[in-house]
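Student: My structure is below; once you've seen it, I'll send some questions.
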Amino acid sequence: MIPHFNSIKGFNRYLNLKSPKKDLIDVVKYDDYDDLKLESAGITFDYYMIAFKRNMSDLRWYGNTEYDENSGFLYFLSPNQRIEWKSKNQWSGYHIMISPILLQEFNIDFNFFKYQISEALFLTEEEQMRVETLFEQINDEYLKDDYSMDLLMAYCNLFFTYVQKCYHRQFNSRQPLHNKLVVEFKKLLNTYYLDNPNQLPSVNYFAENLNLSPNYFSDLIKYHTGKTTIEIIHEKTISIAKKDLKSTNKPISEIGYSLGFEYPTYFSRLFKKFTGKTPTEFREINTSGNKSI
């Protein structure tokens, strides 16, 4: 079994960091340390981590992008997500470790918390300056003996909101790559039922086939199409259902089962949501005088 840390204190000890003030949140400035653990096999922990590093030349697992050598980057880890690393040089930057309990208490929820480490945010020079300023503000508050948790979480929420804006910029700047992913997704969707009869398509299925996390995949699809991934999946499913209703005499329940709907009522509700008519009404209108139902 790989090492797992259920406390920030245990993780900090492993990384050669000071103990946290509390086990709900910790803010670390890497530049304050000169003996960080620079190599580790896979580990997991019970917390979210948001890390900013100024130099990634030694961290090749991220792949090559236009930002690799010229700017810092942010990456995110969620509870129980495996991470390993190997670096030749001491790190420069920050990280925040934060308990899911604290995020829930302050009603903070952003999709990028569940992105894979390979879906890091590569910062422009302007973004990096802003990110460093926000980290400094968070760190300065955290270092106070009487720091305010409310103020600290307000700073964090502002930081997370800015990160979301930066991801939108990254989605836009990588539009050619993401357009290819959108096209590939639609190709997979068009042939899905040939390989997966009687199974409803899922977001996870397409994300896995495109080597993306479900959250990152869903966000880039929404950004580039204006529709959620599940909306596009349902539109395709209903399109197939409409063709079957018009061109075959199959019972409506059989059509629903063939598309992966376990319950005919669910199929009928979704069909009406997209067409304004029940499957029966749609078939009667489109096959009247041509086929017996």
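Student: How big is D, in µm² s⁻¹, for the stretch 78-123 by Stokes-Einstein at 25 °C and 0.890 mPa s if Rh is the Kirkwood radius over C-alpha pairs?
Tutor: So the translational diffusion coefficient is about 187 µm²/s.
Student: Report ³J(HN,Hα) in whole Hz for each residue of the stretch 154-166, in order, from the Karplus equation J = 6.51 cos²θ - 1.76 cosθ + 1.60 where θ = phi - 60°; Gly and Pro get x.
Tutor: 5, 4, 4, 5, 4, 4, 5, 5, 5, 4, 4, 4, 5
Student: In sequence order, what are the phi-derived ³J(HN,Hα) couplings for the stretch 237-243 according to the Karplus relation 6.51 cos²θ - 1.76 cosθ + 1.60 with θ = phi - 60°, rounded to whole Hz, with x for glycine and proline?
Tutor: Coupling constants for the stretch 237-243: 4, 5, 4, 5, 4, 4, 5 Hz.
Student: Taking Cα centroids, how far is the stretch 231-268 from the stretch 162-189 in Å?
Tutor: Between the Cα centre of the stretch 231-268 and that of the stretch 162-189, the gap is 30 Å.
Student: Just to check I understand the Karplus step: with θ = phi - 60° and J = 6.51 cos²θ - 1.76 cosθ + 1.60, what whole-Hz values come out for the stretch 220-226, glycine and proline as x?
Tutor: 6, 5, 5, 5, 8, 10, x
Student: If you take the square roots of the eigenvalues of the alpha-carbon gyration tensor of the stretch 139-205 and sort them as a ≥ b ≥ c, do you get rounded (a/c under 1.5), prolate (a/b over b/c) or oblate?
Tutor: Taking the square roots of the gyration eigenvalues as a ≥ b ≥ c, the stretch 139-205 is oblate.
Student: Give the calculated FRET efficiency between residue 129 and residue 190 to the nearest 0.05, with a Förster radius of 41 Å applied to their Cβ-Cβ distance.
Tutor: 0.40
Student: Divide by every residue of the chain the summed helix terms, -39500 (n - 2.57) for each DSSP H run of at least 4, and state the resulting mean residue ellipticity at 222 nm, rounded to the nearest 500 deg cm²/dmol.
Tutor: -15500 deg cm²/dmol
Student: Also: For the chain, what's the relative contact order in percent, using C-alpha pairs closer than 8 Å and at least 6 residues apart?
Tutor: Value for the chain: 14 percent.
Student: Let me ask something else about it. Pairing the Cα long axis of helix 175-190 with the longest principal axis of the chain, what angle in degrees results, from 0 to 90 and rounded to the nearest 10?
Tutor: On a 0 to 90 degree scale, this one is about 40.
Student: Can you tell me how the stretch 75-188 classifies by the Cα gyration tensor, rounded, prolate or oblate, using a/c under 1.5 as the rounded cut?
Tutor: Prolate, since a/c reaches 1.5 and a/b exceeds b/c.
Student: With point charges of +1 on the Cβ of Lys and Arg and -1 on the Cβ of Asp and Glu, referenced to the Cα centre of the chain, which listed residue (176, 229, 49) lies farthest in the positive direction of the dipole?
Tutor: Going by the Cα projections, it comes out as 229.
Student: Here's a follow-up. Which of rounded, prolate, oblate describes the stretch 103-149, given a ≥ b ≥ c as roots of the alpha-carbon gyration tensor eigenvalues and a/c under 1.5 marking rounded, otherwise prolate only if a/b is larger than b/c?
Tutor: Oblate.
Student: Counting only Cα atoms, I'd like the Rg/Rh figure for the stretch 195-293, Kirkwood definition for Rh.
Tutor: 1.05
Student: By per-residue mean of other Cβ atoms within 10 Å, what is the highest-first order of 218-224, 121-127?
Tutor: 218-224, 121-127
Student: Along the principal axes of its C-alpha atoms, what lengths does the chain span, in descending order and rounded to whole Å?
Tutor: Principal axes ranked by extent give 81, 39, 38 Å for the Cα atoms.
Each reported figure results from applying straightforward, stated rules to the coordinates on display, with no laboratory input. In this text the structure is predicted, and so the values were computed from the model without any measurement. Counting neighbours? That spans all protein chains shown, and the Cβs are built from the backbone with ideal geometry, glycine included.
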